[in-house]
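So the structure is just underneath, and the comments pick up after that.
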Amino acid sequence: MDPLEQLAEALRRRLIERARDGAAAGAGSGGSLVDDVRELVDSEAPALPVDEREALTARVVRLATGLGPLEPLLADPAVDEVMVNGPGDVYVERSGRIERTGLSFGAEAELMHSIERVLAPLGRRVDEASPLCDARLPDGSRVNVVIPPLALDGPCLTIRKFRTMGFSLDDLVGNGTLPRGLADFLASCVAARAAVLVSGGTGSGKTTTLGALSGAIPDGERIVTIEDAAELRLRQRHVVRLESRPANVEGRGEVTIRQLVRNALRMRPDRIVVGEVRGAEALDMLMALNTGHEGSLTTVHANSPEDALRRVETLALMAGLGLPHRAVREQVAGALDLVIHQARAADGSRRVESVAEVVRAPGGAGTRELYRLRRGRPLWRPPGGGELAARLELVGAAA
Ligand SMILES: Nc1ncnc2c1ncn2[C@@H]1O[C@H](COP(=O)(O)OP(=O)(O)OP(=O)(O)O)[C@@H](O)[C@H]1O
Ligand SMILES: [Mg+2]
């Protein structure tokens, strides 16, 4: 550590002590962090020239707010995900591949400090009583924290970095996620207000594809997005972004995706884009889609298009306890038009593996495959059995 670094670290500790004493005395400092640090630097290092004091101030602020040794990873545009499994083990995902970095934190306490520094300004915290936490950084990156005793080898921190430039459909064609013809077909389905479900496993690129598809929503429509941790960045101007909220430390104040979906219906939406259905909101979405709110887009965690429909059905059934199974199946068949299934290959690349239209089958909803990747070769047939063909015909899109 160079002397300036050492001084900066010492000042950071002083800053924390002062903040703690201030909080104990019931007084906030009132000023901004930068002002507080500048004042501290002025009083502790008055002999330094002005420009060095400014540099020192900037350094202390970075130490006090940043993620310490992780900062260079967060600044590296090639890194998509940062994974810390305890103080000694830091991994990153670069271009779809997971690599171990040589980085580490000095001790578990240092890692905990970094985690606290990240969560505190967001009004969140983790401790033994609530050892799990989800949060979003000011830049949009998604953070998850699990600490002992749940995490056995020390605090775990996972950061999905926010891409300032999301992928467009063209980008996804460019990197081989799907062929051009399929991308054009999906774009016309979205424009024709088909209700689209993107399915896949964890990290398979569902949210990314959802964002790319939303680019095909015509300008001039009013879009409401609903997410747990806002990741979507839509290109359109007229977008209202809503984010759910977990309960606070006292267990109060929770606002669920379901409540936001219900609320969105009163906001005169042309489209509702839900980041992921994983709970009771499935039922509300189905009902909305069946009562004129067409063209919604969402994702679900599933292993195939068929499985995706079953999953939505199950979630809706659990939400509407007492609703006959048959009625819920009817809702699914009537509400959804298209399922896009995607997967992450062993080499880290993401591929659209299968696209299916939703058709009415005896007793509920079924899928009819339109596109499949078999041994690297695309197989394709036009829609026919469901409502999708009619929808496309209505807008004059070639299927
Ligand atoms: N088609 C793609 N090509 C290359 N990289 C991609 C692609 N789709 C997603 N990624 C990268 O993979 C990571 C995960 O993507 P994404 O968040 O879209 O997945 P997900 O299925 O929504 O994940 P989760 O299950 O955690 O919600 C991101 O870092 C993203 O940049
Ligand atoms: Mg996602």
How much net charge surrounds residue 355 when only other residues with a Cβ under 10 Å from its Cβ are counted (Lys, Arg +1; Asp, Glu -1)?
-2
Among 319, 282, 335: highest mean-square fluctuation, GNM of the chain, C-alpha pairs under 10 Å:
319
Suppose only helical runs count, i.e. DSSP H with n ≥ 4. What mean residue ellipticity at 222 nm does that imply for the chain under -39500 (n - 2.57) per run, divided by all residues and rounded to the nearest 500 deg cm²/dmol?
-11000 deg cm²/dmol
Quick one: the Cα spread of the range 169-221 along its three principal axes, in angstroms, biggest first?
31, 21, 15
Amide N proximity, the range 343-371 versus residue 325 label position 7 Å along Cα-to-Cβ, cut-off under 12 Å
363-364
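With loop defined by DSSP as not H, G, I, E or B, and exposure as at most 11 other Cβ atoms within 10 Å, which is the longest segment of the chain clear of exposed trypsin sites (Lys or Arg not before Pro)? Could the numbers behind the result be given before it?
Working: sites that count: 237, 252, 375.
Result for the longest clean stretch: 1-236.
Of all beta bridges DSSP finds with both residues in the chain, what is the antiparallel percent, to the nearest 5?
Details: 44 of 65 bridges.
Beta bridges within the chain, antiparallel portion: roughly 70 percent.
For the range 301-371, just say rounded, prolate or oblate: build the C-alpha gyration tensor, square-root its eigenvalues into a ≥ b ≥ c, call rounded for a/c under 1.5, and beyond that prolate if a/b exceeds b/c, oblate if not.
Working: a/c = 3.72, a/b = 1.81, b/c = 2.05.
Judged from the Cα gyration tensor, the range 301-371 comes out oblate (a/c at least 1.5, b/c at or above a/b).
Please report 79, 273 as a ranked list, fewest other C-beta atoms within 10 angstrom at the top and most at the bottom.
Values: 79 19, 273 26.
Arranged by neighbour count, lowest to highest, 79, 273 become 79, 273.
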Using +1 at the Cβ of each Lys and Arg and -1 at the Cβ of each Asp and Glu in the range 107-258, identify which of 207, 190, 240 lies farthest towards the dipole's positive end.
190
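What is the sum of charges around residue 252, taking Lys and Arg as +1, Asp and Glu as -1, for the other residues whose C-beta is under 15 Å from the C-beta of residue 252? Write out the running numbers ahead of the final one.
Details: positive: 124, 245; negative: 250, 254.
Taking every Cβ under 15 Å from that of residue 252, the sum is 0.
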When the distances between all Cα atoms of the range 45-148 are binned every 5 Å from zero, what whole-number percent does each bin get?
2, 11, 19, 22, 19, 12, 7, 5, 2, 0
Would you please state the base-10 log of I(q)/I(0) at q = 0.15 1/Å for the range 140-276, with intensities from the Debye formula using one equal scatterer on every alpha carbon?
-0.84
Using only Cα atoms, tell me the angle between helix 281-290 and the longest principal axis of the chain; keep it within 0 to 90° and round to the nearest 10.
40 degrees
Rg to Rh, two decimals, where the range 194-339 supplies the alpha carbon set and Rh follows Kirkwood:
0.95
Are there any GluC sites (Glu not before Pro) in the range 169-254 that are in a DSSP loop and have at most 12 other Cβ atoms within 10 Å? List them by number.
250, 254
Report the antiparallel proportion of the DSSP beta bridges in the range 141-278 as a percent, rounded to a multiple of 5.
40 percent
Calculated P(r) tail over 20 Å for the range 265-399, as whole % of Cα pairs
49 percent
Given the range 199-270, report the % of alpha carbon pairs whose separation exceeds 22 Å.
31 percent
Based on other C-beta atoms within 10 Å, arrange 214, 95, 141, 349 from fewest to most.
95, 349, 141, 214
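For the chain, what Kirkwood radius comes out of the mean inverse Cα-Cα distance, in Å?
One over the average 1/r among Cα pairs gives 23.5 Å for the chain.
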Between 0 and 90 degrees, rounded to the nearest ten: what's the tilt of helix 305-319 against the longest Cα principal axis of the chain?
70 degrees
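Grab the other residues whose beta carbon is less than 13 angstrom from that of residue 111, score K and R as +1, D and E as -1, and report the net. Spell out each step's value before the answer.
Working: positive: 117; negative: 89, 108, 110, 116, 153.
Within the 13 Å Cβ shell, the charges total -4.
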Compute the angle between helix 50-65 and the longest alpha-carbon principal axis of the chain, please, reported from 0 to 90 degrees and rounded to the nearest 10.
50 degrees
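In debye to the nearest 20, how big a dipole does the range 297-384 give about its Cα centre with +1 on each Lys and Arg Cβ and -1 on each Asp and Glu Cβ?
Numbers: 14 positive and 9 negative charges, 68 e Å.
Roughly 320 debye for the range 297-384.
Bear in mind these aren't lab numbers, they're just calculated from the coordinates by the rules spelled out. It should be emphasised that the depicted structure is a prediction, and the values quoted were computed from it without experimental measurement. With ideal geometry, Cβ positions are generated from the backbone for all residues, glycine too; neighbour counts draw on all protein chains shown.
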